[in-house]
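All remarks here apply to the structure that follows.
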Amino acid sequence: MTSTRTAQRLNRILAMLPWVIANSGASVAEVCERFGYTERELAADLDLVFVCGLPGYGPGDLMVAYIDDDEVIVELADYFANPVRLTPPEALSLLASGMALISTGQAPEALETAVEKLQRVVLGDDGDALVVDLAEPPFVGELRGSAASGEVVRIVHTAIASGQTTERDVEPWAVFTTMGNWYLRGHCRMAEAERVFRVDRIRDIEATGETFTVIPRSLEPEIGYTPGAEDVRATIVLRDAARWVADYYPVEVVRDGGDGLVVRFSASDPLVVARLLLRLGSAADLVEGEAVAATLEELRSKILASYAPD
Amino acid sequence: MQRVIERILNLLAFLLTVGRPVTAEEIRTTISGYGQATDEAFHRMFERDKDLLRRLGIPLELAPTDGWQVEHGYVVDPETYALPDPGLTDDERAALWLAAEVVRMGGQVAAPDAIFKLGGAPVTGSGEPLAAALSEGSDDLGTAFLAIAERRHVLFGYRDKPRRVAPYGLVHRRGHWYLVGEDDDRTKVFRMDKATDVRAGGHPGVFERPEGFRAADAIPGAPWEAGAEDLTAKILFDPAVAWWARRQIGNRGSTAETPDGSLLATIPVANPEAFIGWLLSFDDAAELLEPTELREQLLALVRGEV
């Protein structure tokens, strides 16, 4: 297997050459900016191209590539005048990310025309053969704007597990979507700590007019749930009809035995696990977890009571 | 690395210009960089180089060198090699780059390789407070995509059964990739992360997409819309959760507010299990009024009878 670095370097050479051939007189700075080169890397790649060409390998057979007074010169390389076609994963990934951003309503206009043009080249007339839909709850645009400008927002948020509604001031860092849900990450002034909120559980937002200093940070689109010491733990057996749970929840697989998949579940609120067990019915069994068992019984009685004739 | 790249540039320049299939032996004796190697070393080197070329998307194929098909050689067709120019502007390239940086596929940070092929673009997106993670963007997905574009069959295992599907489209919705296509004369939907051993069929152009087909319509927007039942459910939501219920139902049913602030909803249900699962997320703040059999099904689940 050849290293990824070799593949990337070759790919960049085979992309840079056609562009320089098509844009003669291009400056070193322009080529560097466009293809992410440092000047030294560009010079090294041009040197390399200079010693390659067609059999015979004498003057006239080899390509000509050098920097002349800040201008990038490439000659005798017409067989590399076209960039390489996209691989299917490359085409898919470009189109999918473009469509994803468009579906959020947060894309620049140029993205829509770019995706249309690319689609025509890759899929022909079957433009709608690829659909990416990141169904977006209200406020994503506002929160993104506030995160970019460093504006503190007041949110009215209802927690999923407890159903508790709070109003809190948040310094928004980023909005992101993963596994079909949107989240807001930021510094919560009420908790005085970093928090992640599900955006669809935000009922209302309001700009406070207050600002904070935006710090560039690497923000992964991940919820990054790490079990805390005070978390509730439970061990559950998932039978065939319930195995999907292991894909959806951050569980730890204990073993895959004859009676089903045994997983360890950890959650900040026993209700999360109890609700899941309730809907799974006989497809799952609680093996261990007293707090969850008690909460599940409570939940059953509560629901049955609400259905009882008055 | 330098020597590998030089050798491959020489090989590729030759294959793009020679206009006929070239045997491995001819490559070995003609192309600068292979000559000194022993049999075994040449074989290893050449295998690696072929891999690398194909990884970049270069169409390296085998073809007979003569009419008797005794001997085979390597060809790179310059026309297949070239990316058809989509005619992108610099703004459009920059927008694609931004999208590639904001949207991750299966946790992967976008590599600029594809953007370079399109003519490159200045890096823009860092510091953008928006991020999206699409479900796993594995090679399987690329294979399915290739099959769609070239109208090949897709072959894979699904629920322990081998499938041969005429793929009409790929849809990412609710956090998953779905393949829509015809299997056994019926249009079906498959979750890509459940498909195993995904391969594209050998022949392009083997099916026609039904006219007016829209992949987007094949994947329901809510889990309870994915099924074969045809029920209409009436639910009463408590005032405290009315906003949340309304937001989730959207335009998938009709809702009306009662004088005390509760929400009365009428929703078509195609998948009762998924629907009940969703209703139970409201704990005791939602009551399923109709139909009776669905209500009984829910109560049996709550009582722990099923």
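The values are calculated or read from the model by the stated rules, or taken from the named source; none is laboratory data. Being a predicted model, the structure only gives us computed values, none of them experimental. Neighbour counts run over all protein chains shown; Cβ positions are idealised from the backbone, glycine included.
Just to verify a result, which residue in the range B:91-108, among those that are of a type in the set (Gly, Ala, Ser) and modelled with pLDDT under 85, is nearest to the chain's Cα centre (by Cα)?
B:Gly106
Results for (1) in contact with a strand residue (DSSP E or B) (Cβ under 7 Å, 6 or more places away or on another chain); (2) closer than 30 Å to B:Met192 by Cα; (3) surrounded by 13 or more Cβ atoms within 10 Å (Cβ to Cβ), shown as yes or no for each residue.
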residue: B:Arg3; (1), (2), (3): no, no, no
residue: B:Glu25; (1), (2), (3): no, no, no
residue: B:Thr65; (1), (2), (3): yes, no, yes
residue: B:Glu79; (1), (2), (3): no, no, no
residue: B:Ala95; (1), (2), (3): no, yes, yes
Q | Residue among A:Ala148, A:Ala129 that alone is farther than 18 Å from B:Val102 by Cα and either among the aromatic types (Phe, Trp, Tyr) or surrounded by 15 or more Cβ atoms within 10 Å (Cβ to Cβ) (or both) | A | A:Ala129
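What residue, among those in the range A:105-125 that are outside any helix (DSSP H, G or I) and touching a helix residue (DSSP H, G or I) at 6+ places or on another chain (Cβ under 7 Å), is surrounded by the fewest Cβ atoms within 10 Å (Cβ to Cβ)?
Per the stated criteria, the residue is A:Gly105.
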Q. So, in the range B:176-187, of the ones that are more than 22 Å from A:Asp125 (Cα to Cα) and out of contact with any helix residue (DSSP H, G or I) (no Cβ under 9 Å at 6 or more places or on another chain), which residue ends up surrounded by the most Cβ atoms within 10 Å (Cβ to Cβ)?
A. B:Asp183
Q: Kindly indicate the residue of the range B:260-276 that is in a loop (DSSP other than H, G, I, E, B) and in contact (Cβ under 8 Å) with a residue 24 or more places away in the chain and also surrounded by the fewest Cβ atoms within 10 Å (Cβ to Cβ) among those meeting that condition.
A: B:Ala270
**Q.** Among residues of the range B:175-213, those that are part of a loop (DSSP other than H, G, I, E, B) and without any contact (Cβ under 8 Å) to a residue 40 or more places away in the chain, counted
**A.** 4
Q) Within the range A:159-174, can you find the residues that are of a type in the set (D, E, K, R) and either within 22 Å of the chain's Cα centre (by Cα) or not in a strand (DSSP E or B) (or both)? A) A:Glu171
Q: Go over the candidates B:Ala216, B:Ala256, B:Ala240 one by one and state the one that is in a strand (DSSP E or B), touching a strand residue (DSSP E or B) at 6+ places or on another chain (Cβ under 9 Å) and either surrounded by fewer than 18 Cβ atoms within 10 Å (Cβ to Cβ) or more than 9 Å from every other protein chain (Cβ to nearest Cβ) (or both).
A: B:Ala256
**Q.** Residues of the range A:49-104 classified as more than 8 Å from chain B (Cβ to nearest Cβ) and part of a strand (DSSP E or B), total
**A.** 11
